[in-house]
Every structure is written in structure tokens, then in C-alpha cells.
Amino acid sequence: MADFMDFLTKYIFLVAAVALHVIIIENTIFTCALGTSTALFIIRKKRGVLVFGAILTFMTLFSSFIVIIINALFPYLSDYNIYSPFIFVFIISVAYLLVLLGLRFVPQKIKSRIIPMVHMSAFNCAVLGALLIGATRDMNPVEFIGLGLGMGIGFTLATFLISVSHDYLYSENIPKAFRGYPVTLVYIGILSLAFYGFIASELQF
Amino acid sequence: MSRNRRSPDKNNNKKRKNRRSFYQRHKKFLTQIEGLFLSNTVLERGLVVATVIIRGNSLKNAVGLGLAFALLSFFTVCVTYVVPTTIPNNFRAIINTLVSAGLFIPVAMITNLIITDISVSAGIFLPLLITNSLIVGLSSSRFHKKRFVPMMVDLINHVLGFAVVICFVGFLRELVGRGSVWGAVIPNFPTIPAVLLPFSGFIIVGLFAAVLKKIRFRLAGEGEENPENPENLKNPEN
């Protein structure tokens, strides 16, 4: 029992460490720019940022689990090659269909809120990017789970940080030419620069 | 005061009238090429931003990714045009993405032949073009609602809009960041390597988007047509 608890603790810490690294150092939006278009769309449409982030995190985790299972059955799939994207898109499609099936058992009130977001949360750069990054870095299953979790939570955190200033960025305080999308990109760039500070690298000018 | 000298207000009115006249005269043409110019895929619609920001840091990468995007998006939208519209959107999204993923294999091979080692230098951003917003969002909500020939014209404009932006951003960032063009170093050229980092990509694309917005205001005549909608960034699904 003690050995099992040690085993569990070790791997939980590993998952948490990888997830934290991905959230802070390799943030989905601020460092990798994955899912930026999706995040801007969700913020403009004033859809639930946290709900969308939760669904996207679930999609990345679920897809990562399926990839781990398939890699265990067919080890050659762990090699990144020109056919990997097709396999990953197929896996994401399966995860998407399973989520749609699962929504049948959810109350109508919650389902009507979630259904419009499931499509965008599945087919975007963040989910496919998580699988591709895991494959290119030849990660083991535990690290893969940490990566999927970190990408989803990192996306949610970044989208939340951008949405906080949405009203101001679209207000009349901003010059007309910059109002909205242009200044939002500049704002994300400044936040990205702040996150770059976590890498503790010196900017070269 | 001379009677021949026009007042500043009359001069401004005349300039405004001329600006409106240009836009109104060429409105049909400008609407046809809106994907390339006034409703540019990246700078106005905000689509496929990640590729421009992260990998638009050299001209070679930019040309390779622009070519791959053009081939992949064009053929995916054309092939999925035949998918019946009676199929629910949920399943159309799956079909569009699977077709795109299947077409990615020959597109990646062709792009690698034309631009050597693009799959290495572009990294995961080459296969990430499979789920770009043009294919996932715009194909069902915009392109597939048109007749085939107008759809192709609109699609070509959107594709070119992305290609032009990424090539220009890539050229600029490589020149300023590395002091080179397509790998050929320019001697004694001052460089700012920070321009190659993601945060610079966001800021540079944001500045170009502001320039395009200003041009749109000028062509429309400020206050005449109102692009001053906070929802100015088009819905990726429109």
C-alpha cells in the first residue's frame, strides 16, 4: 500500500510539474500563440471563457489519453512523421464524437450552453498542437498527460487575462485605428513579454 | 482676407467627398478582393494568427508556410464543397478537418520539394495549418454558401491575403532580427534579435492591423460608413 502511494505521489508530482512548466514557461497563447484566433473569438462573443477553457482542457486531456492507449497498442505511432497529423485529427474527431454522445446525458440547460462551444474547442490549434508537441518531444505517458493538462489550463488562463481588459480595449479611450483587434494583439504581445521573463533569459537588443 | 482663398472647412469637405467618391466608385472591385485587402484574413479577420506570429520570422519560412496554406486551404474547401449541406454542422466539421488532414500529406511533400527543409524549420506549425480557421470556420459559414466560381475567387483572395501578410512580416522580421534576407546576410546591418521572439510578432501584426484599419477609415470616409463597430473583427464563421 505504501509503495502504491509512493508511486502515485511520484507520478502526480510529475504531472503537476510538467503542467506547471507548460502553463507558465510555454504558455499556449503567450509563448506558442496556439489558439489565439479561438481565444479572440470567444472573448468577443462574450461566451463563458472559463466554461470554454474547461471544455478545451477536457478535449486535450481526453485526446492525450487516447493517444497514450493507441501508442501502447501500436508503438510505431509514437514516431512523429508526415502521417501523424492525420492520425491525431482522427483521434480528436473520435474524442469530439464521444463528447457529443456524452452530452446526451447532461441536463438540457447545461447542454444548450456547452454545445456551441464543443465544435470550436475540439478543432483548433491548441488541441492539435498539444498532441503534435507531445509526439515531437517523444514524451512518456505521464508527461503527455501533464502536457495536455497544462495546455488546456494555460489557454484558459491566457484567455481570462485577455478578457479582463476587453471592455477597455474596445472603449473610446483607445484611438480609433487601434481600437479592438489591433490593440488586443499589442496587449497580448506585452503580456507575452512579461511571461518571457519567466524564462530568465536576457533580451538582446 | 482674399475672397479667392477657400476656408479650411470647404477644403476638408472637398477632400472627404473625393475620398468617398474613390471608395464608392470602386466598391464592387474592393468587395471582390476584400479577403486580400480590406477584410484581410490575418489583419482584419484575425485568422491563422499563430503561424504568422511564431513562424513568420524568416522569409523562407513565410514563403513555405504561405504556399502550404494556399494549397491546403484551397483544395480542402474545393473538395468539401461537394459535401451535402443537409449533413449537420457537427459532422461537417469532422469531414472538413479529416479531408484537410488527408490532403496535408501531398501538400507537405510538395512544399518540401519546393522549399527544402520547410518541415524542419516550420516545425509543428506546418501540420497545424490543418485546423486553420479558414477550413474549420469559414468554409461552412461563408465559402460553401456561394456558387463555385464566386467561391473560388473569394477563397483565392483570402488565401492570398494570408500569404502576402506572412511574407511581408517574415521578410521584415528576418531583416531586422537577423540582418539577412532568405539566409543571405547583409553585412554591417544593425539587428534587433528581440524582433524574432513571439511578443514582437504580436506587436508587429497588431501595428499592421491598425494601419489597415486606418486605411479602411480613409477609404470609407470617416463617419460615412461605420467600421467603428466594436465587433469589427469579423466572426471567423462569417
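Read the figures in this text as sums done on the coordinates, not as results from a lab. Computed from a predicted model, the values in this text were never measured in an experiment. Because the Cβ atoms are built from the backbone with ideal geometry, glycine has one as well, and the counts that use them run over all protein chains shown.
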| How many nm separate the modelled label positions at B:VAL211 and B:ARG25, each set 7 Å beyond the Cα in the direction of the Cβ? | 2.5
| Modelled label-to-label distance, B:ARG147 and B:LEU113, 7 Å Cα→beta-carbon offset: nm? | 3.5
| Lysine pair count for chain A [Cα-Cα under 26 Å; pairs on different chains or 8 or more apart] | 6
| said: To make sure I understand, if each residue's beta carbon is the centre and we count other beta carbons within 10 Å, what order do A:LEU169, B:LEU72 fall in, fewest to most? | reply: A:LEU169, B:LEU72
| field | Per residue, the convex hull volume that the Cα atoms of region A:2-82 enclose (Å³) | value | 144
| query | Per 10 Å bin, what percent of the C-alpha pairs of region B:16-225 does each bin hold, from zero upward? | reply | 9, 31, 32, 21, 7, 1, 0
| What percent do you get for the relative contact order of chain A when only Cα pairs under 8 Å and 6+ apart count? | 39
| remark: Sorted by chain and number, the residues with a modelled amide H under 5 Å from that of B:VAL181, at a separation of 5 or more or across chains, are B:ILE186
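What helices does chain A hold that run 24 Å or longer along their axis, going by alpha-carbon atoms, with a Kyte-Doolittle average of -1.0 or more, using DSSP H for the helix calls?
On the way: long enough: A:2-24 (33 Å, 1.69); A:49-73 (36 Å, 2.40); A:84-102 (27 Å, 2.45); A:141-164 (35 Å, 1.66).
Within chain A the helices that satisfy the rule are A:2-24, A:49-73, A:84-102, A:141-164.
What FRET efficiency comes out for the pair A:ARG104/B:ILE186, r = Cβ-Cβ distance, R0 = 45 Å, nearest 0.05?
Working from the Cβ atoms, E equals 0.15.
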| task | May I ask you to derive the FRET efficiency for A:ILE25 and A:SER165 from their Cβ-Cβ distance with R0 = 30 Å, giving the value to the nearest 0.05? | result | 0.85
| message | Less than 13 Å Cβ to Cβ from B:LYS60, Lys/Arg counted +1 and Asp/Glu -1: what total charge do the surrounding residues give? | response | +1
| said: Taking just the alpha-carbon atoms of region A:87-205, what radius of gyration and Dmax come out, in angstrom? | reply: 18.5, 56
| query | What's the extension gain from A:VAL94 to A:ILE190 if we count 0.36 nm per residue and subtract their Cα-Cα distance? | reply | 30.8 nm
| Given that compact globular proteins tend to follow 2.2 N^0.38 Å, what is the ratio of the alpha-carbon Rg of region A:108-166 to that value? | 1.36
| said: What Kirkwood Rh does the protein assembly as shown have if only Cα atoms enter the pairwise 1/r average? Answer in Å. | reply: 23.0
| What does the convex hull of the Cα atoms come to per residue for region A:46-157, in Å³? | 94
| task | On a C-alpha basis, how far is the centre of region A:156-199 from the centre of region B:47-85 in Å? Whole number, if you could? | result | 26
| message | Per-residue Cβ counts within 10 Å, from other chains only, averaged over A:91-100: what number is that? | response | 2
| query | In percent, how large is the relative contact order of region B:43-155, given Cα pairs closer than 8 Å and 6 or more residues apart? | reply | 37
| said: If the only charges are +1 at each Lys and Arg Cβ and -1 at each Asp and Glu Cβ, what is the size of the charge dipole of the protein assembly as shown around the Cα centre, to the nearest 20 debye? | reply: 2840
| request: Loop only per DSSP, at most 16 neighbouring Cβ atoms within 10 Å: give me the chymotrypsin sites (Phe, Trp or Tyr not before Pro) in region A:83-179, ordered by residue number. | output: A:TYR83
| If you count, for every residue in A:169-180, the Cβ atoms of partner chains within 10 Å of its Cβ, what is the mean? | 4
| Within 10 Å of each Cβ of A:146-159, how many other protein chain Cβ atoms are there on average? | 0
| task | Using a Gaussian network model of chain A whose springs link C-alpha atoms within less than 10 Å, name the residue from A:LEU131, A:LEU193, A:LEU149 with the highest mean-square fluctuation. | result | A:LEU193
| task | Treat chain A as a sphere of radius equal to its Kirkwood radius over Cα pairs and apply Stokes-Einstein at 37 °C in a medium of 0.692 mPa s; give the translational diffusion coefficient in µm²/s, rounded to a whole number. | result | 179
| said: I need the phi-derived Karplus couplings for region B:26-34: 6.51 cos²θ - 1.76 cosθ + 1.60, θ = phi - 60°, integer Hz, Gly and Pro marked x. | reply: 10, 4, 4, 5, 4, 5, 5, 9, 5
| query | Hull surface divided by four, with the convex hull built on the Cα atoms of region A:165-205: how many nm²? | reply | 3.7
